[in-house]
Amino acid sequence: MDRSDTWSMFLHFSLLSFMAIGGVSAVLPDMQRYVVEANHWMSAKQFADAYALGQAAPGPNMMFVTLVGYQVGGLIGAVATTVALTVPPFIFTLAITRFTANNADAPLAVAIRRGLAPVTIGLMLASGWVLLRSTDHDWRSLLLTLVTVAVVTQTRYSPLWLIALGAGLGIAGVV
Amino acid sequence: MDATPGQPAIDPPLLFVTFSQISLSGFGGTLPWAYRMLVERKAWLTQREFAETLALGQLLPGPNVCNMAAMIGYRYAGYRGAFAALAGLIVWPFLIMIVTAILYQRYGELPLVQQALSGMSAVAAGLVLSTGIKMASGMRRHWRPWLFAALSFAAIGLLRWPLLAVVGALAPVAVFVSWWSRR
């Protein structure tokens, strides 16, 4: 791993950031292919661990790319992957926002927002469902998920307590 | 979209602090925390505005919540607001991930950490589901939006079809029906 590798990783991840429609998980398979299979910069296990840690740590889930970048190229690698995935879409989004802000009440703009919102809600529920299917192995962790849904939808308690409870129950071997 | 009287002005420093709070609370993903902060606590957005902003953020390439931060920051405080919101969202998790990477390289996988993670991920699944349920409760009482929500849930969650294909097919139809039914 030298500077030119870091640079090509930066370019590849920048390219992927433009294909990450619907979220970074859309391009996850190609990231894995690039760093693990094509370049052998890290093992598949290390990549999977990075993803799991990124899910658990505070911050957007896509921050696992920081961990991938660090594993591959140290601090510079971490900066490269993080910037590659956030800055190009950020500039693109601002350009679009600037355009739509001037046309926010145009019938087509309203139709796009109104029409896409339900699709997004369906995707959100699907993400929860997929997470549920991939993390819950028995009725106790399923119960923990359902209790979370009940508490979060019916009360205003901070979900941080539930996360702490989940960690505690996990360490205690309950779930 | 103006802040209600009595609330502080939504300027870049406040955007930075607010998105830092969202980011640092965001175990298992930031969206539930963004919803809680922006809709329930600060009331900067209504349920429907949140869903609409998120929908646009998902349509655009890049991390959804970063796109939302850019749009909301820009709406309230222009380019500086957009940059402040994104910085709040990214800077702290970046530092945390660097520390995590160093710890991971040094200690590898502790069984205790793995156990804690499995409990936390069960809760995280519940948080994401709850956010979806809350957003759905803000939808219009009409069969059309519910049909499209059900279709995208079934295609991605149950059938596990590729996201690009599903959104590519469903989004134009949903937009067209929404545009057509307005008249």
Mean Kyte hydropathy of 0.0 or more with a Cα span along the axis of at least 30 Å, helices from DSSP in chain B: B:64-107, B:111-137
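Counting residues in region A:3-127 as N, plug N into 2.2 N^0.38 Å and put the Cα Rg over that result. Each step should come with its number before you reach the end.
Numbers: Rg = 16.8 Å, N = 125, 2.2 N^0.38 = 13.8 Å.
After normalising by residue count via 2.2 N^0.38 Å, the value is 1.22.
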Report the relative contact order of chain B, percent, no decimals, based on alpha-carbon pairs under 8 angstrom and at least 6 residues apart. 23
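Mind putting a number on the dipole of the protein assembly as shown about its Cα centre? Charges go on the C-beta only, +1 for Lys and Arg and -1 for Asp and Glu, and I need it in Debye to the nearest 20. Walk me through the numbers on the way to the answer.
Numbers: 23 positive and 14 negative charges, 207 e Å.
The dipole magnitude comes to about 1000 debye.
Taking a quarter of the surface of the Cα convex hull of the protein assembly as shown, what do you get in nm²?
On the way: hull surface 70.7 nm².
Projected over every direction and averaged, the Cα hull of the protein assembly as shown covers 17.7 nm².
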Please find, in a Gaussian network model of chain B (springs between Cα atoms separated by less than 10 Å), the residue of B:Tyr35, B:Tyr74, B:Tyr104 whose mean-square fluctuation is greatest. B:Tyr104
In whole angstrom, how far apart do the alpha carbon centroids of region B:11-81 and region A:85-154 sit? 12
Mind listing the long-range amide H neighbours of B:Phe27? Cut-off is under 5 Å, sequence gap 5 or more, other chains count too, H placed in the peptide plane at 1.01 Å from N. A:Gly59
Based on Cα positions only, what radius of gyration and what Dmax would you give for region B:12-139, in angstroms? 15.9, 48
Fewest Cβ neighbours within 10 Å first, please rank B:Lys42, B:Lys134 accordingly. B:Lys42, B:Lys134
Which residue, B:Gln114, B:Gln21, B:Gln58, has the most motion in a Gaussian network model of chain B that connects Cα atoms within less than 10 Å? B:Gln114
Taking Cα pairs closer than 8 Å and at least 6 residues apart, the relative contact order of chain A in percent is 16
Largest fluctuation, B:Arg160, B:Arg144, B:Arg48 only, Gaussian network model of chain B with Cα springs under 10 angstrom, belongs to B:Arg160
Whole-Hz Karplus couplings 3J(HN,Hα) for region A:53-61, θ = phi - 60° and coefficients 6.51, -1.76, 1.60, Gly and Pro as x, run 5, x, 5, 7, 5, x, x, x, 4
So how strong a dipole does region B:12-139 carry about its Cα centre when Lys and Arg Cβ are +1 and Asp and Glu Cβ are -1, to the nearest 20 debye? 220
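No lab work stands behind these numbers, since they all come straight from the coordinates. Quantities reported herein were computed from a predicted structural model and do not represent experimental measurements. All Cβ positions, glycine included, derive from the backbone under ideal geometry; neighbour counts span all protein chains shown.
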